[in-house]
Amino acid sequence: MVQSKFKPKKLILTAGPSISYKEKSYVLDAVTNGWNNHWNDYIKRFEKKFAEYVGVKYAMTTSGGTGALQLALASLDIKNGDEVILPDITFFACSDVIKLIGANPIFVDILKDTWCIDPQKIEKAITKKTKAIMPVHLYGNLCEMEKILEIAKKHNLFVVEDACPAIGSTYMKKHVGSFGDFGAFSFQGAKIMVTGTGGMLVTNNKKLYEKAEYLNNHGEDSKRKFWQSSIGYSTEMSNLQAALGLAQLEKIEKLVAKKRQIFFWYKNILKDIPGISTNYEQENARSNFWMTSVILDDKKIKRDELINKLKEKLIDSRPFFYPISMFPMYKKQNTSVSHHVGLNGINLPSGVNLKKEEVEYVALTLKELLK
Ligand SMILES: *Cc1c(COP(=O)(O)O)cnc(C)c1O
């Protein structure tokens with residue numbers, strides 16, 4: 001077996017941004033000049049460039065991915081008693097925003113390979129109350145958007161894509177977030193591009209964009225200052241954050257390339273280990289491989305024990321998201337794939353600053369522990 005000569009001096013972390021001179025100079029410019037008439041210069045530039053990159057007509061900065069999802073649901077007029085179908089494996093922000101608007105999250109199982117929502121299970125879950133489907137491009141993996149859009153069309157449902165972790169991922173050459181009525185992105189500190197906290201809501205629909213903008217301005221009448229015509233939101237990003245975001249976006253393809261490189265460094269070593277699976281990329285897809293992840297399909301060692309053992313070797317890792325239906329607020333679901341993946345999966349160190357020797361050290365250590 002190949003041995004890694006590399007010995008880490010400190011914990012190898014799961015994430016970490018790439019901040020260079022450009023980020024600092026844009027932020028310095030924003031904090032120096034971005035006031036009064038220039039209060040939103042970077043916001044406008046960031047939104048314009050983001051829309052161009054993703055290939056949509058409209059992009060609106062938000063306080064985070066969660067805020068973007070919340071605004072999407074509000075703009076689609078989803079309310080009390082409505083149902084929204086989503087995968088059982090996702091970050092709990094997804095079910096929160098559905099609940100908080102008064103609707104009911106309907107959890108369905110995921111596919112074993114992509115870890116994204118199973119289109120067949122969507123069809124089975126549709127009722128008269130269903131208003132929308134929320135596919136989640138988990139860890140940068142790609143949902144079967146063709147099938148999901150077909151189902152949505154057939155049943156007259158909205159599609160709100162949670163593309164929070166997946167900027168740069170494409171399906172049939174189209175960027176995630178651009179398929180549905182709305183797409184939501186996150187720039188939280190562990191994501192592939194960061195603004196500290198922050199997010200983006202995108203759409204191709206002018207009416208929906210205007211509705212989201214209006215609601216996000218507290219529901220203030222656009223023609224009458226301080227006159228409120230609807231209860232609204234204020235999930236906004238600051239110009240300072242947008243300056244950071246713009247600099248990050250200008251190098252997004254480099255960041256995606258690095259994430260992909262990291263995945264293939266891992267894959268080269270992990271492919272020889274029986275009884276595990278890693279991120280799957282369909283033939284017509286490009287994943288941004290936000291988090292290289294491993295599922296212990298058939299292994300004696302328990303997931304949490306493995307996390308502890310890795311930590312002893314100065315390797316940080318994260319457990320997968322739990323199936324949301326396991327939480328005490330919800331009814332238990334028979335989502336066997338979600339339970340298998342959620343309880344046996346870990347995210348490996350995947351920060352864009354990782355060096356090849358570090359990735360190889362992690363992969364070889366994992367291989368040793370899984371013997
Ligand atoms: C990161 C993430 C979110 C939340 O984004 P925030 O910006 O932290 O609100 C939502 N869904 C998924 C799948 C995510 O990975």
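The values are calculated or read from the model by the stated rules, or taken from the named source; none is laboratory data. Keep in mind that what you see is a predicted model, and the values were worked out from it rather than measured. Cβ atoms come from the backbone with ideal geometry, glycine included; neighbour counts cover every protein chain shown. Accessible surface is based on the protein model in full, side chains and every heavy atom, while ligands, DNA and RNA are left aside. Shrake-Rupley method; radii C 1.70, N 1.55, O 1.52, S 1.80 Å.
Peptides 348-359, 106-117, ordered by how many other C-beta atoms sit within 10 Å of their residues on average, highest first, read 106-117, 348-359. Mind checking the log10 I(q)/I(0) for segment 1-105 at q = 0.10 Å⁻¹? Debye, one equal scatterer per Cα, no solvent, two decimals. Here the Debye-derived log intensity ratios amount to -0.56. Extension gain for LYS49-ASN284 works out to 82.1 nm (0.36 nm per residue, less the C-alpha to C-alpha distance). Built from the Cα atoms of the chain, the convex hull projects on average onto 19.3 nm², one quarter of its surface area.
If you plug the beta carbon distance of VAL31 and ASP304 into 1/(1 + (r/R0)^6) with R0 = 51 Å, you get a FRET efficiency near 0.75. Extension gain, HIS38 to ASN205: 0.36 nm times the residue separation minus the Cα-Cα distance gives 57.4 nm. For segment 126-260, taking the reciprocal of the average inverse distance between every pair of different Cα atoms yields a Kirkwood hydrodynamic radius of 16.5 Å.
Note on ASN80/LYS7: beta-carbon distance plugged into 1/(1 + (r/R0)^6) with R0 of 45 Å gives a FRET efficiency of 0.20.
Counting only protein heavy atoms and using a 1.4 Å probe, the accessible area of VAL56 comes to about 20 Å².
Highest mean packing first, where packing is the average number of other Cβ atoms within 10 Å per residue, the peptides 184-191, 241-248, 34-41, 203-210 line up as 241-248, 184-191, 203-210, 34-41. Counting only cysteine Cβ atoms and a cutoff under 4.7 Å, the chain contains unmatched residues CYS94, CYS164.
With the cut-off at 1.5 for a/c, could you classify segment 189-232 from its C-alpha gyration tensor as rounded, prolate or oblate?
Numbers: a/c = 3.96, a/b = 1.90, b/c = 2.08.
Since a/c reaches 1.5 but b/c is at least a/b, the shape of segment 189-232 is classed as oblate.
Here's how it looks for ASN279: its modeled amide H is under 5 Å from those of SER293, which are all 5 or more places away or on a different chain. In the chain, helical runs assigned H by DSSP with n ≥ 4 each contribute -39500 (n - 2.57); averaged across all residues and rounded to the nearest 500, the mean residue ellipticity at 222 nm is -11500 deg cm²/dmol.
Of the trypsin sites (Lys or Arg not before Pro) found in segment 215-282, the ones in coil according to DSSP and having at most 15 other Cβ atoms within 10 Å of their Cβ are LYS223, ARG224, LYS225, LYS271. The long axis of helix 252-270 is offset from the longest Cα principal axis of the chain by roughly 30 degrees.
Taking the average, over residues, of other Cβ atoms within 10 Å as the packing measure, peptides 21-32, 129-140 rank 129-140, 21-32 from highest down.
Bridges between two residues of the chain, per DSSP, are antiparallel at a rate of about 60%.
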